[in-house]
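Read the structure below first, then the notes.
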Amino acid sequence: MALGPLWMLIQPLVMMVVFTLVFGKLAKLPSEGVPYPIFTYTALLAWRFFSTAAKASAGSLVSEMNVISKVYFPRLLVPVSSIFTGIVDLAVSMLILSGMMLYYGFGFSWRLLALPPFVVLAVATALGVGLWNATLTVRFRDLRYVTEYGLQVWMFATPVAYSARLIPESWQAIYELNPLFWVIEGFRWALLGTGQRPGIEALVPCLLVLLLLVSGMLVFRRTERTVVDLL
């Protein structure tokens, strides 16, 4: 690809423009008193980090089959390493967001100290999803397409392009079980001072992510013994 790594930076900017035109200008969705471009771009950075990491880890075993079949090493390193490469892209994208914050008059506050836990939650969720999918994709190669579409649906079930306050109160308890809800809201709260501040209600989705991660590791460890034969 001619753009190479730059595409990882350009894509959320392009999506920000599209979302701003469609949801901000045409649909006129509220953005909690924050300019819509930075409101959605902040969420897009968090979502792109998660979705890219989840897809990379899900297809990691198949994509690295040549190395896995020739050299022995702990197979768990493959999906794990594919996730952490996205942290560099996130860090560079955060520089762009910092410029936007200065442009729109947002200062940096103590809330930035709360940002790392939300990044960790995104990593844990992506790795949990990735481990399960990496294990199953070895047997069912077409599952990667299901993962792709599933993540697209998941994005619209998460307050990326809209405010979480638009969700009816009767649905809030179910809606907040989505761990990416807390990642997105956490990014907005830590960086922009908007969004929902994390509370005790965030413990349940965090426990669900822990269960997903541990079970994914156990299933992956059982499969890695025969992964070369399956590949």
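The values are calculated or read from the model by the stated rules, or taken from the named source; none is laboratory data. What you see is a predicted model; the values in this text were computed from it and never measured. Note: ideal-geometry Cβ built from the backbone for every residue, glycine included; neighbour counts use all protein chains shown. When the accessible area is computed, the model is the full protein with side chains, heavy atoms only, and any ligands, DNA or RNA have been set aside. Shrake-Rupley method; radii C 1.70, N 1.55, O 1.52, S 1.80 Å.
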Exercise. Tally time: how many residues in region 129-148 are among the aromatic types (Phe, Trp, Tyr) and touching a residue at least 60 places away in the same chain (Cβ under 8 Å)?
Worked result: 1
For this session: Considering only region 175-204, state which residues are of a type in the set (A, V, I, L, M) and open to solvent by 30 Å² or more (accessible area, probe 1.4 Å).
Result: Leu177, Ile200, Leu203, Val204
For this session: Would you be able to say whether some residue in region 141-154 is at pLDDT 90 or above and in contact with a Ser or Thr (Cβ under 7 Å, 6 or more places away or on another chain)?
Result: yes
For this session: Would you be able to say whether some residue in region 153-172 is open to solvent by less than 70 Å² (accessible area, probe 1.4 Å) and either in contact with a strand residue (DSSP E or B) (Cβ under 7 Å, 6 or more places away or on another chain) or of a type in the set (D, E, K, R) (or both)?
Result: no
Problem set entry | Selection status of Tyr41, in a helix (DSSP H, G or I), surrounded by 18 or more Cβ atoms within 10 Å (Cβ to Cβ), of a type in the set (Phe, Trp, Tyr) and at pLDDT 90 or above | yes
Exercise. Restricting the first residue to region 11-28 and requiring it to be part of a helix (DSSP H, G or I), which pairs with a second residue that is among the charged types (D, E, K, R) and surrounded by 11 or more Cβ atoms within 10 Å (Cβ to Cβ) meet a Cβ separation below 9 Å and a spacing of at least six or different chains?
Worked result: Gln11/Arg48; Pro12/Arg48; Met15/Arg48
